[in-house]
Amino acid sequence: MLQQLMRIGAAAVALTLFAGAPAGAETIKVGIIGPLSGPFALGGKNFKAGVEAYVAAHGDTVAGNKVEFVYRDLAGPDPGAAKSVAQDLIIKEKVQYLGGVYLTPSAFAIAPMLEEANVPLVIFNAATSSITQKSPLIVRTSFTLWQTTVPLAKQAAKDGLKKIAITVTDYGPGNDAEAAFRTTFEAAGGKVVETIKMPLSATDFGPFLQRVKDSGAEAVFAFLPSGPATVGYAKAYVESGLKEKGIKLMATGDVTEESGLQAVGDAAIGIRTTYHYSLVHDSQLNKDFVAAATKAIGNADELSFPAVAAYDGTHVIYAMIEATAGKQDAKKAVQSVLGMAWESPRGPVKIDPETRNVTQTIYLREVTKENGRLVNKEIASFPDQPDWGLVK
Ligand code: PHB
């Protein structure tokens, strides 16, 4: 009798579970974590624009399963908030995949939760090299500071510069940028005459740049996380008289990213940077991507680099869903994209099977004006750059 009742109960549960869904099909939820409010809100908006541009081009069904994106706001570098946002997506929303994550401290906070949850994380931005080492379930489609900085330091030495000052934000990616620049530049015979670590909360860059001026450096290298501080730094560089004195600014592309560049103004013309993506990268695929992402974001002035990592990150998540036929198997999903190569709007890219970071071309760019707009014009390229922080 009891057994019979249990069987009827189980059948009723099964009926409830499958009611409304076509046989074999499931809705697969993907949780996207990013700053949708606060100083880095454009980062989150660009994640959304990149995902939406990808879905517009490739549809919302993979291997017969409908894919649904669930967005959660994570405004600042707050590890506690990062954990609870990820937990909410995993437990309450039952997401099979996580994507996004703008700031490094958030990535460090989420990494330890992934294996138990059986959920891969595809990082759309956070760029400290060691992040992918914190969980075998992390894949990154953005870049690392080692990856973008090594070519710039090589270029500085090639340009004949001998004495450099380093200014970086004092946290994970800034420390990586400093180590990458120093090691590469010194190996090429250059000298670092001043190293300045600026707090993440800094808004007044005048005093730091005064120290650069006094250091005897011929040029200054800078990394700051893209946001209000990068615009403030670029403006302060011009206002402090460094440019006038002939002390060149060499930076990673975070400092001249397009959504902040117009606010810096014409004084930015001539600033050289290295980066994985420029909005004016010359390819048909990129033109199509920029058109779709602009439509998604709704304002051309807000479009910037995090959108391309989100577009490619969505491509990686779709490949994972395909490889697992929609079943939740994080290990198999990650395994399936190791070594995967494709053509991105930024150029050719590949997931390095050892580091799980994207290998890509890094471009040397110069700020110029085209059709009345400031752009990062690509002037040279360094193909097949791995994450130099992990591949020495
Ligand atoms: C990071 O926190 O890893 C980060 C944020 C913004 C950037 C680069 C790196 O532009």
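The values are calculated or read from the model by the stated rules, or taken from the named source; none is laboratory data. All values reported here derive from a predicted model rather than from experimental measurement. When we count neighbours, we look across all protein chains shown, and the Cβ atoms used for this are built from the backbone with ideal geometry, even at glycine. Areas reflect the complete protein model, heavy atoms only, side chains present, ligands, DNA and RNA absent. Shrake-Rupley method; radii C 1.70, N 1.55, O 1.52, S 1.80 Å.
At a glance:
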{"read-out": "Matching residues in the range 45-61 - criterion: being free of Cβ contacts under 8 Å to residues at least 60 places away in the same chain and within 14 Å of the ligand (Cβ to nearest atom)", "value": "none"}
{"read-out": "Condition broken by Gln328, with the remaining ones in (1) closer than 20 Å to Thr128 by Cβ; (2) open to solvent by 10 Å² or more (accessible area, probe 1.4 Å); (3) polar (S, T, N, Q); (4) assigned to a loop (DSSP other than H, G, I, E, B) satisfied", "value": "(1)"}
{"read-out": "Test: residue in the range 283-292 that is among the hydroxyl-bearing types (Ser, Thr, Tyr) and either in contact with a Ser or Thr (Cβ under 9 Å, 6 or more places away or on another chain) or surrounded by 15 or more Cβ atoms within 10 Å (Cβ to Cβ) (or both)", "value": "no"}
{"read-out": "All positions within the range 37-50 that are surrounded by fewer than 21 Cβ atoms within 10 Å (Cβ to Cβ) and touching an Asp or Glu at 6+ places or on another chain (Cβ under 8 Å)", "value": "Ser37"}
{"read-out": "Number of positions in the range 259-271 that are buried (at least 22 other Cβ atoms within 10 Å of the Cβ) and in contact with a strand residue (DSSP E or B) (Cβ under 7 Å, 6 or more places away or on another chain)", "value": "3"}
{"read-out": "Residue selected from the range 110-134 under the condition open to solvent by 10 Å² or more (accessible area, probe 1.4 Å) and closer than 17 Å to Leu74 by Cα, by the criterion nearest to the ligand (Cβ to nearest atom)", "value": "Asn125"}
{"read-out": "Residue that is modelled with pLDDT under 95 and in contact with a helix residue (DSSP H, G or I) (Cβ under 9 Å, 6 or more places away or on another chain), where the choices are Ala57, Ala63, Ala53", "value": "Ala63"}
{"read-out": "Given (1) open to solvent by 10 Å² or more (accessible area, probe 1.4 Å); (2) on the phi > 0 side of the Ramachandran plot; (3) within 12 Å of the ligand (Cβ to nearest atom), index of the condition Gly64 fails", "value": "(3)"}
{"read-out": "Residue check, Val290 away from the ligand (no atom under 12 Å from the Cβ), among the β-branched types (Val, Ile, Thr), part of a helix (DSSP H, G or I) and out of contact with any helix residue (DSSP H, G or I) (no Cβ under 8 Å at 6 or more places or on another chain)", "value": "yes"}
{"read-out": "Unique residue being open to solvent by less than 10 Å² (accessible area, probe 1.4 Å), out of contact with any His (no Cβ under 6 Å at 6 or more places or on another chain) and farther than 20 Å from Leu242 by Cβ when the list is Thr167, Thr148", "value": "Thr148"}
{"read-out": "All helices (runs of 4 or more DSSP H) inside the range 172-247 with 2 or more residues being in contact (Cβ under 8 Å) with a residue 40 or more places away in the chain and within 16 Å of the ligand (Cβ to nearest atom)", "value": "172-187, 228-239"}
{"read-out": "Selection from the range 82-109 of residues that are without any contact (Cβ under 8 Å) to a residue 24 or more places away in the chain and either touching a helix residue (DSSP H, G or I) at 6+ places or on another chain (Cβ under 9 Å) or within 15 Å of the ligand (Cβ to nearest atom) (or both)", "value": "Ile91"}
{"read-out": "Residue count for the range 369-392, restricted to those that are open to solvent by 30 Å² or more (accessible area, probe 1.4 Å), of a type outside the set (Asp, Glu) and within 27 Å of Gly260 (Cα to Cα)", "value": "10"}
{"read-out": "Of all residues in the range 215-228 being out of contact with any helix residue (DSSP H, G or I) (no Cβ under 6 Å at 6 or more places or on another chain) and modelled with pLDDT of 95 or more, the one that is nearest to Ser304 (Cα to Cα)", "value": "Pro225"}
